[in-house]
Amino acid sequence: KIDKSFLSKRGIYKNLLFFIIKLARNLFSDLRRGKFLISFKDRVVFYSTSLNEYYSLKEVYNILSLSKLFVNNPPYNKPGEYFPRFLPSLISLFYLPAFLKFYFSSDTTTKDNINYSRNDVLHTYGYYVFLKYIFKKFKPRAVVISNDHLSEMRIMIHFCKIYNLPSFYIQHASITSS
């Protein structure tokens, strides 16, 4: 059994509250940015969600001579395009009944994992639907990521496999001994 005592456990209702807060933040973030990328047809897509990831991808991006595109989804302003964050969150809201059914019919271990996962499990539903549409309509040439822990990046890699597209991982941080 894994010791999770260092994690803050949230119950399902607290997770739902945080999801609503994230939905509102994503709306305001999208309104502040104003323009979004949806098409990345035939381009190599570099995707980052943090400043650390951005800097790990930037050098490779700068030397690549193919048609390429940098997609950022962090709270900082760096060169590149942005995916809308509110739309996937809103789509997730429609999956709330299915998510709650899954949660309440799950065993204790699964419920604990969801309770420790912030609201990412529910948020994943919307990103899956959103990225499925994007990949089907605008197939990129390849996808380059630097974090394989986040659900939206894992979903991108999933659709790369489905559409037989190359995907690449560039490490975004040094490996530590701890």
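The values are calculated or read from the model by the stated rules, or taken from the named source; none is laboratory data. On a predicted model such as this, the values are computed, not experimentally measured, just so you know. Cβ coordinates were reconstructed from backbone atoms using ideal geometry, including for glycine residues, and neighbour counts include every protein chain displayed. The protein model used for the area step is the full one, side chains on, heavy atoms only, and it has no ligands, DNA or RNA in it. Shrake-Rupley method; radii C 1.70, N 1.55, O 1.52, S 1.80 Å.
Looking for something open to solvent by 80 Å² or more (accessible area, probe 1.4 Å), assigned to a loop (DSSP other than H, G, I, E, B) and at pLDDT below 85 - is there at least one such residue anywhere in region 12-35? Even if it seems obvious, please write down each step before you answer.
We begin by selecting, within region 12-35, every residue open to solvent by 80 Å² or more (accessible area, probe 1.4 Å); these are 13-14, 17, 20, 25, 28, 31-32, 35.
Going one step further and asking which of them are assigned to a loop (DSSP other than H, G, I, E, B), we end up with 35.
So of that shortlist, the ones also at pLDDT below 85 come out as 35.
The answer is yes; a qualifying residue exists.
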> Counting just the residues of region 147-162 that are buried (at least 18 other Cβ atoms within 10 Å of the Cβ) and of a type in the set (A, V, I, L, M, F, W, C), which one comes out modelled with the lowest pLDDT?
Replying inline: Leu150
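Every residue, every condition in (1) modelled with pLDDT of 85 or more; (2) more than 18 Å from the chain's Cα centre (by Cα); (3) among the hydroxyl-bearing types (Ser, Thr, Tyr); (4) loosely packed, with under 13 Cβ neighbours inside 10 Å, yes or no:
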residue: Leu66; (1), (2), (3), (4): no, yes, no, yes
residue: Asn72; (1), (2), (3), (4): no, no, no, no
residue: Pro75; (1), (2), (3), (4): no, no, no, yes
residue: Phe86; (1), (2), (3), (4): yes, no, no, no
residue: Lys101; (1), (2), (3), (4): yes, yes, no, yes
residue: Asp112; (1), (2), (3), (4): no, yes, no, no
residue: Gly126; (1), (2), (3), (4): yes, no, no, no
> Since Val144 meets every condition but one in (1) among the β-branched types (Val, Ile, Thr); (2) surrounded by fewer than 20 Cβ atoms within 10 Å (Cβ to Cβ); (3) more than 28 Å from Leu27 (Cβ to Cβ), which condition does it not meet?
Replying inline: (2)
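So, Tyr116, is that one modelled with pLDDT under 80, open to solvent by 30 Å² or more (accessible area, probe 1.4 Å) and within 18 Å of Leu17 (Cα to Cα) or not? Write out each step before concluding.
Working: modelled with pLDDT under 80: yes; open to solvent by 30 Å² or more (accessible area, probe 1.4 Å): yes; within 18 Å of Leu17 (Cα to Cα): yes.
In short, yes.
Could you go through region 164-176 and let me know if any residue there is within 23 Å of Ser92 (Cα to Cα), of a type outside the set (Ser, Thr, Tyr) and surrounded by 13 or more Cβ atoms within 10 Å (Cβ to Cβ).
no
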> Of all residues in region 39-57, which are exposed (fewer than 14 other Cβ atoms within 10 Å of the Cβ) and at pLDDT below 80?
Replying inline: Ser39
